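The values are calculated or read from the model by the stated rules, or taken from the named source; none is laboratory data. Note that the structure is predicted; figures quoted are calculated from it, not measured. Cβ sites come from the backbone with ideal geometry, for glycine too, and all protein chains shown count toward neighbours. These area figures cover heavy atoms from the full protein model, side chains too; ligands, DNA and RNA do not enter into them. Shrake-Rupley method; radii C 1.70, N 1.55, O 1.52, S 1.80 Å.
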Amino acid sequence: DASTTQGSPAATPFKEASATGAGDDLDTDTVVDVEDIEAPVAAKALSVASADYAPTTTAGSSNSTLGDDLVTGSTSASASGSTSSKEQRRLRTREQILACWRNKVFLWSALALSNTMFVLSGIQFLWVRVFVEVWGLDKSHVTLAFLLISGIGGGVGIALGPRHIDKLGGFGNATGVVRSLRELRKFSLIAVLGGFVGIVCLYAKLKDTDYRSSMLDSNDRWPWLLFVALTLIWGAHNASVAGLCGINMEVVQPRMRTFASGAEMTSRNILGYTCGPLIPGLVMDSVATLLKWDLAGSKEDRDWQLCLGLGFVLALNFSLVWVLNKAVGAALVSFKESQEAALQKLQAALQTESIELLEEAVNEARGLDMHTTRDGEAVIGMANEAVGSFHSSGRAWAEGARAFTASREDLKISMVTLEHRVDELDQKNQVLQKENARLCLRLPEAESVASRQASLLAPPAEAKMAAGADTEWSPAAQTERAPVLSL
């Protein structure tokens with residue numbers, strides 16, 4: 001902002017610092033006051049934070065400008081003193097927190113990761129106690145079963161999930177983010193199926209207390225079904241983790257990814273790994289106190305308490321579908337904004353008459369699937385026609401580019417004007433058609449008159465014979481005979 005101020009002594013050093021970057025030092029003779037910079041930086045911080053994420057559009061230029069301003073402000077603050085420098089760093093942290101909070105795709109994807117880790121850590125917390133105390137299985141067998149299920153389910157999920165996302169195009173742009181989140185939502189439905197089957201198995205076991213057998217006893221089918229359900233849950237969640245982590249970082253600006261990654265890991269550890277064992281334990285104790293279960297003397301009450309805890313953890317698979325639905329909705333909103341930004345970039349490229357920017361804007365628009373929208377296909381088609389015209393006729397491609405750069409309101413006004421003009425031309429056309437029809441009706445009469453005149457002016461054979469060979473026939477003589485001929 002200071003670079004645009006005319007006559008300011010700090011304008012020139014500020015502009016040079018913004019252009020050269022953070023690695024160059026400011027002129028020691030001239031110092032930019034931080035108070036003059038903080039207000040515009042704060043205003044730009046709000047504008048940047050309002051975007052869900054930063055696709056490769058015209059917003060990138062404003063983001064880089066903001067980064068240059070912050071770098072220059074930090075350099076100037078260090079020259080002004082340590083107190084101003086600390087204040088500038090605090091502003092940058094607040095800006096990143098605000099940007100992450102307003103980025104709905106980042107928030108919902110981080111919450112989905114926390115939900116995933118909540119379920120997995122809750123299962124680990126109750127695994128041994130449930131199978132040892134409720135089913136009476138050997139602890140070594142239960143531990144071996146956990147290693148096999150987590151290894152097989154997790155390995156299959158890690159092997160197939162990311163590969164499937166990459167086959168669909170990945171999440172490198174807004175289109176890929178929406179598509180990948182929809183696929184991850186399908187993965188969550190597998191976890192929901194496993195959670196439902198697991199809850200049914202726990203309830204059926206509580207109602208059927210005849211079996212206290214070993215793991216190898218095939219008479220009790222419920223632990224085997226529960227193992228299958230937990231394998232599905234483990235595989236579905238591990239298939240989603242890589243995609244969610246990638247999307248969570250893709251939707252934030254590159255210069256904010258260090259902070260965003262730390263914020264996501266913090267929420268994952270607190271809401272996922274920490275609350276996974278804590279919340280089920282609180283639910284188990286609260287329900288036992290409310291229902292006055294005799295946990296010391298009644299094994300049945302202890303079994304109900306353990307199954308209640310594991311059932312609560314399995315029920316959290318249903319919430320993952322809701323979270324991913326929210327993430328998909330937020331990604332769709334950001335996707336529409338990215339398409340609008342790409343359309344503005346196309347218009348700006350046509351206004352600047354830069355073929356390089358135009359080709360870049362066309363490629364970006366195709367990456368956002370604008371050719372599948374109502375207006376996007378026509379705009380991209382016209383832009384491709386302009387690119388082809390440039391390669392064939394040079395700079396003449398920019399002629400008539402007003403249709404590309406006009407807004408929707410301007411196009412509506414032009415359409416109304418053209419419709420009025422067409423109506424006027426239609427009226428004139430009708431008048432001309434009537435005149436043409438009238439002339440067509442008089443055409444035979446005119447032809448008849450012309451033929452009679454031609455016959456009167458033509459030299460008759462007997463006149464030539466009477467005049468002799470040396471006398472030439474003249475139209476004047478024939479005109480003199482015209483009354484006689486007409487009589």
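Report the label-to-label distance for A454 and V156 in nanometres (one decimal), using points 7 Å from each Cα along the Cα→Cβ vector.
For A454 paired with V156, the spin-label model returns 9.8 nm.
Of K139/K167; K104/K186; K104/K345; K139/K207; K205/K292, which sit over 32 Å apart, Cα to Cα? Numbers along the way, then the final one.
On the way: K139/K167 42 Å; K104/K186 20 Å; K104/K345 24 Å; K139/K207 23 Å; K205/K292 22 Å.
Where the Cα-Cα span goes over 32 Å, the pairs concerned are K139/K167.
At 1.4 Å probe size, what's the solvent-accessible area of E445? Round to the nearest 10 Å².
Ignoring ligands and nucleic acids, E445 comes out at about 120 Å².
Give the accessible surface of the range 130-192 per residue, rounded to a whole number of Å², with probe radius 1.4 Å and ligands, DNA and RNA excluded.
That works out to 48 Å² for each residue.
Would you kindly find the accessible area of K104, with a 1.4 Å probe and non-protein molecules such as ligands, DNA and RNA excluded, rounding to the nearest 10 Å²?
The value for K104 is about 90 Å².
Subtracting the Cα-Cα distance from 0.36 nm times the residue separation, let me have the gained length for V333 to E409 in nm, one decimal.
Values: separation 76, 0.36 × 76 = 27.36 nm, distance 2.31 nm.
Result for the pair: 25.0 nm of gain on full extension.
With all distinct Cα pairs included, what does the Kirkwood hydrodynamic radius of the range 102-184 come out to in Å, to one decimal, could you say?
Numbers: mean 1/r = 0.0652 Å⁻¹.
Every distinct Cα pair counted, the radius reaches 15.3 Å.
Using heavy-atom solvent-accessible surface (probe 1.4 Å) with all chains present, what is the largest-first order of W224, W135?
Values: W224 105, W135 5 Å².
Ranking W224, W135 by accessible area, largest first, yields W224, W135.
Take W322, W101, W127 and sort them by solvent-accessible surface of the protein heavy atoms, 1.4 Å probe, largest at the top. If you can, show how the numbers build up before the last one.
Working: W322 135, W101 165, W127 10 Å².
Final ranking, largest accessible area leading: W101, W322, W127.
Where does each of L295, L441, L113 land when they are ordered by accessible area, with a 1.4 Å probe and the largest first?
I get L441, L295, L113, largest accessible area first.
Describe numerically, in nm with one decimal, the distance between label points set 7 Å from Cα along Cα→Cβ at M265 and at S140.
It is 3.9 nm.
If eta is 1.567 mPa s and T is 4 °C, what Stokes-Einstein diffusion coefficient results for the range 255-369, Kirkwood Rh from Cα pairs, in µm²/s?
68 µm²/s
Please give the solvent-accessible surface of I190 in Å², to the nearest 10, using a probe radius of 1.4 Å with every protein chain present.
Counting only protein heavy atoms, the figure is 80 Å².
Please give the FRET efficiency for W101 paired with D285, using the beta carbon to beta carbon distance and R0 = 41 Å, rounded to the nearest 0.05.
0.75
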